[in-house]
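Here the structure is laid out as structure tokens; the discussion comes afterwards.
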């Protein structure tokens, strides 16, 4: 019965109820979407890398190293020498290692020089392994990459992340040209180095999707510049060729690049960073200390989880500001709701006295007003969830294409329910003002 | 105003009771019994001071009360919305002043019907919902008459009640605020009588009506009150309405505080 009375009462005040409802809808939508995006961002952030015990690079801050090695943002100017790399992975505690050579790009996508260990040991999310949509791993390099076996015909293999493949529209088997340096516009095209796409990874929702993975040896060889001939270098920097032309000239060019042999193509001289998996997690701190105190080369070892946490705290300040703003908007709209009910109280005096004379308890009047407030708030919450879900659903493709953001459509997590619960509790508390007013006037009625 | 009939209650309108509750009491047991009631508002002067006043079952009384003699206050005491500082108000031998507030609200819903001057209905509810709401409150506590409160019989009772009050049946779904004042007042009677109250309190119900509507309203009111066996307390300053009643009393005859003079009354 009280439900029906509340419903009719709200319908009776359509306009002011609708406006209050819209104000609440906007603020709840804001709150829900901010919370959802925050949670999703945090999730995908922490999901970026897992199962890696240590990341080692040249001495730098832990956030710098994390950004360059995992997020491919910025680059560490210094590298780790091949000798140090070999020395550290020789540690009996080390189970596996993924060497990373960073700093190159292909049409705006980061090029990662690595080995097949990358596909074997890299984990993201809940310790999930990388898997292939099509194709497979590098074929022309030995799996035990520490001793390189290079294809001498100057063809290198490349494995693309899901986004990179999609946006560049590359298929397995396609031949591409790599450029040197980071950025979309590169001045030195190593046209003589043709790469063949051998595999495309499954979508992971991590920076791996934007990666162009090539063999460590391949990166090494395109970097290997002739010390003896600066002119040659200059020429190769200015040469802009299409894939077709490059193919035509491929063989001749390679003949000129005898410096590759000089450099010992099979042997990389340095790596930008490397990821380590240890046999026992207990050894993490011990190995970290050993690396940090390495006497021969200044190195840094970071624990990814710790570094991610620190980075998130930096980013987290922004999301807290957003949260505070949306909470303030919510409180403003709830006060609006309370004001609406309070203002209607005067015109409801007669109604309250009728209810009393019919035998309504003062508590009936109290709950009538609470019910009206709560149903407006609940309605706003439900519509807000529908609205936000719909918006995410419709904009998902665009977000993915534009920002590489993949938001889960299911926003009804425990977390969202908490937010809605908090909104309803706040509504109850703020609606106490008019409800107690109504209760009092019902009691004091004469 | 003369005091034609005293508390002996020799009025001819008493009819054999259909209400099973009534059979528990003899003819002389009062519907309303007021004893030594004193009431004043907080930090105000004494407004009500009644030594003793009684109303028999099914008896109709016209209380003449010009404005300013504690009329509304007295009616609120009868209906248990206000409680006196001293003394007791008993309805059907139940001392409502001694009841807990929530019990009193429930008792009011079940045993007392009230019709005001105006604003008797929740404006945004339909006629049907207004009456249903009154039934809901009466059923809230005790489940007296629960057997005949099934929704189908409910609807039938409401319709027959509205018919008795000469209201068009199609008004049942209309909002109370859409009806004319005369219709609203008749719906108010239906709402007040739907729970078969033992006492019907009516306060200036005709002040918003024109002369012809007034007469029609009074006829309908007296008849339905009679047929539902309720004791009727009718309060008005309009002496022309007294002709409908056998027992007629002046409010300041029973209220010693009012006898001091209306001009001293601060709150009515």
State which residue is farthest from the other protein chains (Cβ to nearest Cβ) when the search covers only segment B:101-119 and only residues that are in contact with a strand residue (DSSP E or B) (Cβ under 8 Å, 6 or more places away or on another chain) and not in a helix (DSSP H, G or I). B:117
Criterion (over 23 Å from residue B:77 (Cβ atoms), in a helix (DSSP H, G or I) and more than 50 Å from the chain's Cα centre (by Cα)) met by exactly one of A:346, A:356: A:346
Which members of segment A:55-94 meet the condition of being crowded, with 22+ Cβ neighbours inside 10 Å and part of a helix (DSSP H, G or I)? A:65, A:66, A:68, A:69, A:70, A:85, A:88
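So that you can scan it fast, the table gives a plain yes or no per residue for (1) within 14 Å of the chain's Cα centre (by Cα); (2) in contact (Cβ under 8 Å) with a residue 24 or more places away in the chain; (3) more than 13 Å from residue B:188 (Cα to Cα):
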residue: B:91; (1), (2), (3): yes, yes, yes
residue: B:110; (1), (2), (3): yes, yes, yes
residue: B:128; (1), (2), (3): no, yes, no
residue: B:136; (1), (2), (3): no, no, yes
Sole residue being modelled with pLDDT under 85, facing chain A (nearest Cβ under 9 Å) and over 15 Å from residue A:351 (Cβ atoms), chosen from B:142, B:138, B:192: B:138
When you scan segment A:9-30, how many residues do you find that are within 14 Å of residue A:351 (Cβ to Cβ), in a helix (DSSP H, G or I) and in contact with a helix residue (DSSP H, G or I) (Cβ under 7 Å, 6 or more places away or on another chain)? 2
If I filter segment B:88-97 for residues that are assigned to a helix (DSSP H, G or I) and either more than 10 Å from chain A (Cβ to nearest Cβ) or buried (at least 24 other Cβ atoms within 10 Å of the Cβ) (or both), do I get at least one hit? yes
Given the conditions (1) on the phi > 0 side of the Ramachandran plot; (2) modelled with pLDDT of 80 or more; (3) not in a strand (DSSP E or B), every one holds for residue B:43 apart from (2)
Any chance residue B:129 is within 11 Å of another protein chain (Cβ to nearest Cβ), more than 20 Å from residue B:161 (Cα to Cα) and in a helix (DSSP H, G or I): no
Note on segment A:58-69: residues in contact with a strand residue (DSSP E or B) (Cβ under 7 Å, 6 or more places away or on another chain) and within 19 Å of residue A:270 (Cα to Cα) are A:58, A:59, A:60, A:65, A:66, A:68, A:69
If residue B:174 meets every condition in (1) under 25 Å from residue B:69 (Cα atoms); (2) at pLDDT 85 or above apart from one, which number is that one? (1)
Residues of segment B:238-249 being assigned to a loop (DSSP other than H, G, I, E, B), at pLDDT 85 or above and touching a helix residue (DSSP H, G or I) at 6+ places or on another chain (Cβ under 9 Å), in sequence order, are B:245
Tell me, which strands (runs of 3 or more DSSP E) lie completely within segment A:109-191 with 2 or more residues that are modelled with pLDDT of 85 or more, closer than 21 Å to residue A:75 by Cβ and assigned by TED's automatic domain parsing to the domain that holds residue A:215? A:109-114, A:155-160
Qualifying residue in segment A:22-44 (condition: over 31 Å from the mean Cα position of the chain (by Cα) and closer than 28 Å to residue A:322 by Cα): yes
If you go through segment A:335-350 one residue at a time, do you hit one that is within 13 Å of another protein chain (Cβ to nearest Cβ), within 20 Å of residue A:443 (Cα to Cα) and in contact with a helix residue (DSSP H, G or I) (Cβ under 6 Å, 6 or more places away or on another chain)? no
Taking segment B:39-87 and keeping only residues that are without any contact (Cβ under 8 Å) to a residue 12 or more places away in the chain and surrounded by 18 or more Cβ atoms within 10 Å (Cβ to Cβ), one is left with B:76
Which listed residue, of B:95, B:105, is farther than 26 Å from residue B:227 by Cβ and under 16 Å from the mean Cα position of the chain (by Cα): B:105
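The values are calculated or read from the model by the stated rules, or taken from the named source; none is laboratory data. All figures in this text were calculated on a predicted structure; none of them were measured in a lab. Note: ideal-geometry Cβ built from the backbone for every residue, glycine included; neighbour counts use all protein chains shown.
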